[in-house]
Amino acid sequence: MATRIARPIDPDMHPIATGNYRIATPAIQAFFELVNRCLRYRTTGALIYGPSRIGKTRAIEYLRLLLAETHPKITTYHLQAEHKPRHAEGPFFTNLLDAVGYPEPDSGSNPTKRIRLINKIKEACSKNGSGTAIMFVDEAQRLAENEYEWLRDVQDHLDRMQIKLFMFLVGQQELYAIKVSMQRAGRTQIVARLMVDEFAFFGIRNANDVATCLSGY
């Protein structure tokens, strides 16, 4: 009679069954190198672009966990850019406040929301003992030009308080086209602050990439 092996957890609760796991891929490793390079050279903005469904959002989640281990004093945030027909200041800052964990993010006037956002990031940096914060903006191709300007304003305000906010704009391929369009239009103040470096994210390309993923499993 075969010996029944007791499983440590129910098979339905296994991370692979629930999808609650993160593994490194060559693209994520390259993304992490970009983040470290930006931190080292004080490059305050970069864009990461690629087709949908190749793991960019999962990469952000993985990098936030990794940064918590390698750079525990750095505060990180994950902002999900929303699709909306109207790009108003109030809803934009509500979304930002929600991303940084502010309670009741929808309350208050637009100037109040700005100040709350600045103070919340300042408070988190002070608590962690560092003047550095990172914000990953997912689906950044959805942002309008005014919203890029508002992000730049937030960076400027924090910079005057001796806090560096690094922005990593993550999105689909049209994100790169937005950068090119802004350069042609002379909108260099946005490009020079939020889109300095760039990285074309990629999926699994060959057997070596598969081997890297299987090693993670």
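A few points about this structure:
- Residue within segment 28-39 that is among the polar types (S, T, N, Q) and more than 24 Å from LYS164 (Cα to Cα) present: no
- When segment 67-95 is limited to residues that are closer than 30 Å to ILE23 by Cβ and touching a Lys or Arg at 6+ places or on another chain (Cβ under 9 Å), the one that is modelled with the lowest pLDDT turns out to be HIS83.
- Given (1) over 28 Å from THR94 (Cβ atoms); (2) in contact with a Cys (Cβ under 8 Å, 6 or more places away or on another chain), index of the condition ILE163 fails: (1)
- For beta carbons closer than 8 Å, sequence separation of 6+ or different chains, a first residue in segment 3-26 that is under 21 Å from ARG58 (Cβ atoms) and touching a residue at least 24 places away in the same chain (Cβ under 8 Å) and a second that is aromatic (Phe, Trp, Tyr) and in a helix (DSSP H, G or I), the qualifying pairs are ARG22/TYR62; ILE23/TYR62; ALA24/TYR62.
- A count restricted to segment 117-137 and to residues that are in contact (Cβ under 8 Å) with a residue 40 or more places away in the chain, under 22 Å from GLN80 (Cα atoms) and not aliphatic (A, V, I, L, M) stands at 4.
- Residue list for segment 203-217, restricted to those being surrounded by 13 or more Cβ atoms within 10 Å (Cβ to Cβ) and either closer than 13 Å to ILE48 by Cβ or of a type in the set (S, T, N, Q) (or both): THR212
- Cβ pairs under 8 Å, 6+ apart, first in segment 175-188 and closer than 20 Å to VAL137 by Cα, second part of a helix (DSSP H, G or I) and of a type in the set (S, T, N, Q): LEU175/GLN141; ILE178/GLN141; MET182/THR188
- Residue list for segment 117-164, restricted to those being among the acidic types (Asp, Glu), surrounded by fewer than 17 Cβ atoms within 10 Å (Cβ to Cβ) and under 20 Å from VAL191 (Cβ atoms): GLU145, GLU149, ASP153, ASP156, ASP159
- Every residue from segment 184-217 that is in contact with an Asp or Glu (Cβ under 9 Å, 6 or more places away or on another chain) and at pLDDT below 90: ARG187, GLY203
- Where helices (runs of 4 or more DSSP H) sit wholly within segment 15-100, those with at least 2 residues that are within 16 Å of the chain's Cα centre (by Cα), surrounded by fewer than 19 Cβ atoms within 10 Å (Cβ to Cβ) and of a type in the set (Lys, Arg) occupy 56-70.
- Of residues in segment 165-192 being charged (D, E, K, R) and surrounded by fewer than 18 Cβ atoms within 10 Å (Cβ to Cβ), the one nearest to ILE118 (Cα to Cα): ARG187
- Qualifying residue in segment 173-190 (condition: acidic (Asp, Glu) and under 20 Å from PRO51 (Cβ atoms)): yes
- Hits in segment 132-163 - residues which are of a type in the set (Gly, Ala, Ser) and within 19 Å of SER181 (Cα to Cα): ALA140, ALA144
- For ALA200: the one exception among (1) within 25 Å of ALA68 (Cβ to Cβ); (2) loosely packed, with under 14 Cβ neighbours inside 10 Å; (3) in contact (Cβ under 8 Å) with a residue 12 or more places away in the chain: (1)
- Taking residues in segment 39-50 that are among the aromatic types (Phe, Trp, Tyr), and partners anywhere that are assigned to a loop (DSSP other than H, G, I, E, B), the pairs with Cβ atoms closer than 9 Å and at least 6 places apart or on different chains are TYR49/GLN172; TYR49/GLN173; TYR49/PHE201.
The values are calculated or read from the model by the stated rules, or taken from the named source; none is laboratory data. What you see is a predicted model, and the numbers here were worked out from it, not measured in a lab. Positions of Cβ are backbone-derived with ideal geometry, glycine not excepted, and every protein chain shown enters the neighbour counts.
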